[in-house]
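Colleague: My questions will all concern the structure given below.
The values are calculated or read from the model by the stated rules, or taken from the named source; none is laboratory data. All of these numbers come straight from a predicted model, not from anything done at the bench. Protein only, heavy atoms only, side chains kept; ligands, DNA and RNA dropped before computing areas. Shrake-Rupley method; radii C 1.70, N 1.55, O 1.52, S 1.80 Å.
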Amino acid sequence: MSPRGRKAIYPNRGGSTTDRGILPGTGLVVRCFSQDGKLQRDFDFAELTVSPQLQAALAGAFAQRVGPKKGLTRMLSIATPFRVSRHFSYYLAQLARPPTQVEHLAPEHVDGYLAWRSQQTTGLNDEAREIKTMLLLVDGINAELVVRCREPNPRRVRVEENRKQSYSREEFKRIADAARSDLRTAAARLRVNRELLTRYRVGELADPDRRLELLDFVERQGDVPRRAGQGKWLEERQVPMPWVQRCGTVAEVVSGAHLTVNEAMAGAILLGVMTGENPSVLLATQSAHHRADGYAGGPATAIVDAIKPRRGRRAHMNLAMSQVPDWISIPEDPSELSTRDELHTPFGVYALMHELTAASRRLTGSDKLFLAYHGKGGGKSGNGRGLRPLDPTFSWYSMAKWSEQKKLRADPDPKAADAGEAAEPTVLQARLDRIRLTYLELHQVPVAHTEQTFASDYLGRNRGNRAEYQKVVADALNEEVSKARARGVMATLSKDDLKAARADIGSAARDFGVSAVTLKKLVEGQLDTVMNGCVDNEDSPNSPTGQPCRASFMACLDCPCARALPNHLPIQTLVHDTLEARRAEMTPLTWTLRFAMPHAQLADLLGQHDDADVADARDAVTDADRALVARFLNRELDLR
């Protein structure tokens, strides 16, 4: 509708109105697009081994399940309900009397399917949730099945051995070094070949064995010259020309101008080591970027647009690839780190991948950073042989192949060592999710998520180096508490001290080491800050003499100019309790470094009062106090 209530006129798209959803005809093909609109796939429910009525019912449910604003934005997540529906149809087809109508579906079909799949997959909970969701979207199912589908799934029992763990620092370094070695080898090969091609194309080099001619073809076409196959089984296939085989296999020949899958995966691995980004974000990294440094000669920085769909309205974000060496990446001997070494900074990795995949992007028209030649592939998705981006759906398989090729060794099992057993060496499996987890643990900073998510969903569930991390936190906490004990807390005036001051202000002022005027202002609240009063704002140890103090009000806790009065107790209890509550919102180490010392100082300060007085102070906290403390702890009151 228009702002005035008239029906809006939509522009003519000039095409079909069924671009998305169930396509016309059989009503069994559902067309879906990824969130960015760059990936399209048709899901054909005629493939399901059930009756046409059930095929149509499941197709309709699937169209609702993957519709706009349903939370399924990536093609991998969109394909999940189709895959589960196909498995469900396989199970129903095995039954002695398979259902043929929607009303024939019963709770025992769901129970039987889950029992059948429990022997085939470890992701049973996810499949149970998905098939129930799909069935609830089917029109006409009976009431008993509705009740069964709305029952909660059993609580997932996590096996300790199967929990995701971070790598040790040594394992992390071995993975990074192996990936860095692959990229250096690829860069050397492609740069030499590009130089040879340049000279060959201007006629400087002869080519008696046709190797440069073949390299020129591969660089321009992304494949080797082919012809129709001969023979009963090869008539429909395109096979390499006979003379091509003298130069090596197809994969070897194409790698002269384009990256292999293992080399592209090495680039994704190394960029993950440098940035700690989510696997889906890494594999979808774009080649288009903005140079934030403006080519001005300082540290280079490339800003790349990225999407993390499950963040909802915050899905769109920027990745900053800076030319600053990561502290984990720097060799033990700094002299080994050349200023021209491009693979020890996020920007260096990004820039090298941008260079090495330039020819592949030109041929494919893709804007993705990680492209490679795939020797095979297929299916109805159209991903056969040729140049294409790394597929997030099969990234686990590519990483497994890369790990197998590199033959890296994992650290010995400490449990076996403690038991006195000889631990057999195991292959170190590189995984982008574990690389992310290790990065987060080593850097102790959230990456594309909140600090609370960082603490609870990542570090809290990590079973890698938890003992080592707990020791670091404990050591830091002991150090901060020791500082608090050594510095002490601000001086306090009790109720009796205030009574004495009101009776004889001059005598009380001499006892407290201040002038009578200052003591009078202090008692009247004219010198209040946040948690105390200040008797000498221009003689603070935190600022030059004669200048107003510019330190944070948190520094008042051990300042000789601070004085705490009984009327400050409600604010002090509120700050103490708020700091305690923030433990659950931050990582243990971050909370310790930021708040452990003031928390200990406030605990000592509250310990000087009776429990009844502290309880009364908590009850006396007002909304104005809460607003003030919120601004204080959010650093809105600091001078910057």
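Colleague: Taking amide H atoms as placed 1.01 Å from N in the peptide plane, list the residues 5 or more away in sequence, or in a different chain, whose amide H sits under 5 Å from that of ALA372.
Modeller: Correct list: ARG388, LEU390.
Colleague: Now, a different point. May I ask you to rank HIS316, HIS258 by accessible area, largest first, using a 1.4 Å probe over the protein chains only?
Modeller: Ranked from most to least accessible, the order is HIS316, HIS258.
Colleague: With θ set to phi - 60° and the Karplus curve 6.51 cos²θ - 1.76 cosθ + 1.60, what are the ³J(HN,Hα) couplings of region 296-307 in order, to the nearest whole Hz, using x for Gly and Pro?
Modeller: 3J(HN,Hα) across region 296-307, in whole Hz: 8, x, x, x, 5, 9, 10, 9, 10, 6, 9, 10.
Colleague: From the protein chains alone at 1.4 Å, what is the descending order of accessible area for CYS549, CYS561, largest first?
Modeller: Result, largest first: CYS549, CYS561.
Colleague: Each residue of region 240-254 in order: what ³J(HN,Hα) in whole Hz does its phi give by Karplus 6.51 cos²θ - 1.76 cosθ + 1.60, θ = phi - 60°, with x for Gly and Pro?
Modeller: So the J values, rounded to whole Hz, are x, 4, x, 6, 5, 5, 5, 9, x, 6, 4, 4, 5, 5, 5.
Colleague: Continuing with this model, one more query. Starting at the first residue of region 112-118, write each ³J(HN,Hα) from the Karplus equation 6.51 cos²θ - 1.76 cosθ + 1.60 with θ = phi - 60°, in whole Hz, x for Gly and Pro.
Modeller: x, 4, 5, 5, 5, 6, 4
Colleague: Still on this structure: With the cut-off at 18 Å, tell me which of the pairs LYS499/LYS520; LYS495/LYS520; LYS499/LYS521; LYS69/LYS368; LYS70/LYS308; LYS368/LYS401 have Cα atoms farther apart than that.
Modeller: LYS69/LYS368; LYS368/LYS401
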